[in-house]
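The values are calculated or read from the model by the stated rules, or taken from the named source; none is laboratory data. Values in this document were obtained by computation on a predicted structure and should not be read as measured data. Counting neighbours? That spans all protein chains shown, and the Cβs are built from the backbone with ideal geometry, glycine included. Calculation scope for accessible area: heavy atoms of the full protein, side chains included, ligands and nucleic acids excluded. Shrake-Rupley method; radii C 1.70, N 1.55, O 1.52, S 1.80 Å.
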Amino acid sequence: MTCVIQRVNSATVYADGELSGSIGKGLYLLLGVRVGDDETDACLLAEKISKLRIFSDENGKMNLSIKDVSGRALVVSNFTLSANYSHGNRPDYLNSAPPERANELYELFKKELSDRIGECESGIFGSDMRTEMSTDGPVTIVMESSVLRK
């Protein structure tokens, strides 16, 4: 699994033109599920993200987690994170997990993260989504579950 983590002042997602989720200070998370990913990947990412110290303390140092700042998370599924762009100019998405499996792991990730930090907002899997956000920093981290398995 791949998760793009962005520290935000606010973020909103609209699914098929309707408001689906909105947060203030917290994390905007794009989640991509690949062929071969499993429940362990979802749990490892949720655990690491819940403890990731990327919020500033009183001294301006990134020492605080999302829980420490009472932040929220907005999770959006994004199969394009699995793009293969090595051949030609049109990426393929053959590395993306099949939709049914990807949705299962997306839902598990949201549950695992919610269990650790409180209820998460989210987009709607498989829908046409539009997002708006105000980044903070900007702080952006790309996290791979395969790295956490080592």
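Numbers below:
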quantity	calculated
Counted residues, the stretch 68-83 - those being touching a strand residue (DSSP E or B) at 6+ places or on another chain (Cβ under 6 Å) and either of a type outside the set (A, V, I, L, M, F, W, C) or in a strand (DSSP E or B) (or both)	9
Scan of the stretch 25-48 for residues that are under 28 Å from ASP92 (Cα atoms) and either of a type in the set (Lys, Arg) or part of a helix (DSSP H, G or I) (or both), ordered by number	ARG34, GLU39, THR40, ASP41, ALA42, CYS43, LEU44, LEU45, ALA46
Looking only at the stretch 132-148, and only at residues there that are open to solvent by 50 Å² or more (accessible area, probe 1.4 Å) and within 15 Å of the chain's Cα centre (by Cα), the one that is nearest to VAL33 (Cα to Cα)	GLU144
Single match in SER56, SER65, SER70, SER127 (criterion: modelled with pLDDT of 95 or more, on the phi > 0 side of the Ramachandran plot and either surrounded by 15 or more Cβ atoms within 10 Å (Cβ to Cβ) or more than 14 Å from the chain's Cα centre (by Cα) (or both))	SER70
Answer from ARG90, ARG34 - the residue that is over 16 Å from CYS3 (Cβ atoms) and modelled with pLDDT of 95 or more	ARG90
SER22 being surrounded by fewer than 22 Cβ atoms within 10 Å (Cβ to Cβ) and either touching a residue at least 40 places away in the same chain (Cβ under 8 Å) or assigned to a strand (DSSP E or B) (or both)	yes
